[in-house]
Each structure stands twice: as C-alpha cells, then as structure tokens.
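**Student:** Mind having a look at this structure? Questions to follow.
The values are calculated or read from the model by the stated rules, or taken from the named source; none is laboratory data. Predicted model only: the values in this text are computed from it and were never measured. Note that we place each Cβ from the backbone using ideal geometry, even for glycine, and neighbour counts take in every protein chain shown. Areas reflect the complete protein model, heavy atoms only, side chains present, ligands, DNA and RNA absent. Shrake-Rupley method; radii C 1.70, N 1.55, O 1.52, S 1.80 Å.
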Amino acid sequence: MTPSDFKTLVDQELDSLSWRPRNRSAVLSQTKGGGKVRRKLTVCLVTVLLLLLTAVSVLAAYHLLRAPEAEAIHQARQAVMDAYGLTPETLGLFYVQYETADDGWCVTLRPGGLIDSDRAGSYTVRLAQNKLTTDWTHDGWDASAWADDDLTAPTYGQAQLLYALHDGKDEALLLAQSSEIPQPAMTPPSGSLAVASSLPSDEASVFMDVRETTPDADEISLPEAKAAMRCAVQEEFGLSDEQTRLIGTQEDYDEVAVRFVTDPAGRRMWEFFVELDLDGTACSIGIYVNAANGEIVLLDYVTGGNG
C-alpha cells in the first residue's frame, strides 16, 4: 500500500463529507465547551478512525499476494469454472500439476481416485504473456453426453461430478476402481499438488513436503498470517464477509489447525488446514503463507477424499 493508494481510498470513503469555513469556526468554538463537547469530538474521531481501518482492511484484501505458481493455479481454476461450468466443490475432485512453459505456466487438473479418470478427463490451462487458453480432454463432444447425472455416461460434466460427491459416491468409486486407466498414486510427483485425506501430523503434512519448526521474531505473526489465509480462502471460494470472519473461530464448526513449517527449499511458512462446508460438500483446504512477506505459497483443496 503506497501513500497515494491510501489517500485515494480515503478520499473515496470520505467523498460525501463537506467542509466549509463555518464548520471550522464551529469546531474551534466547541472545543472550549468542556468535557461534554470533548466526548462528542472523541466519538467523531473514533468513527473516522474506524472508517480508515475499514479502508485499510479492504485495501489489504485487494492486494492479496500470491507466489507465481499459486497465482497460476488460482487463475487456472477460475478459467475452468468459467469455461466448463464447474464449481469449487467439483474442482476439488481433481489434483493439480503445474510447470513453467512458453514464458508462462501450464496447469493441468487431473481427476483423483474417486472418479473415473477416462470419463472425467483432464483440464489444461496455459497462461503466457497475459493470454490464457483452456482445453478439456472431451472438447468437441456433444454436450448431451454430460447433460444429467448418469455416471455410466461416456464423459462427466458438472452434474455427474456433483452427483459423485453425494448420492452417487459409491457408484462413482466402483466405476473408478474398475477403470483400466491407472489412478494417481497418493505420493505426488514433482510439480504436482496431490493430497491425502487426514489431518497433518507432527511428521507429515497433507499438502506439501514440509517439516515443523519454530518462527523467528522478525517473521510475520500468526494473526497476520491468519488474515492472509482468510483473504485467500474468501477469494478462492467466493465467501461472504461473515463466512470469512468465522474461519478459525469458536463459532465455526471446526477450528483451523495451524503450525509453522519449512519446505526442502528452505521456505519458512505458516501452514493452515481448514475444513469448509461448500453448499453441503465437505472441503479440506491447505494454505501456506510465506513467513517473510505474507505471500500465499499454496492454496490447495480436496472434496470427497482420495478414494
């Protein structure tokens, strides 16, 4: 946040206020009025300060920082939802692979073990030089092939994927297990983000290869990291302010699990594990916040387990 950014935002917030010479005279005269007037002025000052704090909060959320690969994955998921009508809960059935390519990124979403990988297909998003292209294994097929929730259809769209997360879970898993296409191993290859279905332990992490350590005094605090985590979750899943506020509080149905970790490259991070209810679908989310600058290193999630 630069001084110019802050000034612009405050000017917008206070645009409806007008100030004339008579206002100045009135305030100067009222300051001589004793304790009662001073209390009124205190209330006014508190109100202005609260307004400014709100403005800072809005700006902080707007300037959410992501690592380049985290930004590429975020954009790829949004592109798949826009192009193919998937939602965050059905995207949670896919795991992510990414690599640098053509001065940008290539992100691929592949189906996990709960669904038939041949029927579900894979989504590939290429981002380079401010251009984005999205492809699906089943591009060109007649849309009637995925018009309903029939899991024996030759290809899966949003309806089948959503059905597989709920009433059709057993059927979807049986079809996936009988498929001739091998399912991805639980341990992801380099450059992929596959997840397990259990909470992190002292020895292992759900979403990344990390080990637990302790933060240093000059690294960002847990409250700061938690604020970044909430902003990232809100933007990823389109949550309301109230839903976001509840993450990691006693009012939420599940408290956030958190610890301080480092990865093999030496990145030091706050690791969060969040359980979220997406319209009746349980979603397990891992978020990693860089302890040096508050940047989101990774936000990954799974719905329906890994089968």
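**Student:** So for the pair residue 67, residue 150, with labels modelled 7 Å out along Cα→Cβ, what separation do we get in nm?
**Tutor:** 4.4 nm
**Student:** Still on this structure: Tell me, Kirkwood radius of the stretch 230-303 from alpha-carbon pair distances, in Å? Intermediate values should be presented prior to the final figure.
**Tutor:** On the way: mean 1/r = 0.0776 Å⁻¹.
Evaluated on the stretch 230-303, it is 12.9 Å.
**Student:** Could you state how much accessible area residue 231 has, in square angstrom rounded to the nearest 10, with a 1.4 Å probe and all protein chains kept in place?
**Tutor:** Roll a 1.4 Å probe over it and residue 231 shows about 30 Å².
**Student:** Describe numerically, in nm with one decimal, the distance between label points set 7 Å from Cα along Cα→Cβ at residue 135 and at residue 257.
**Tutor:** In this crude spin-label approximation the distance works out to 3.8 nm.
**Student:** Could I ask something else about it? Quick one: ranking 108, 152 by accessible area, 1.4 Å probe, largest first, what do you get?
**Tutor:** Values: 108 15, 152 80 Å².
Ranking 108, 152 by accessible area, largest first, yields 152, 108.
**Student:** Here's something else I'd like to know. Can you pull the one-decimal nm distance between simple spin-label points at residue 171 and residue 83, each 7 Å off the Cα toward Cβ?
**Tutor:** 2.9 nm
**Student:** To the nearest 10 square angstrom, how much accessible area does residue 131 have with a 1.4 angstrom probe?
**Tutor:** 150 Å²
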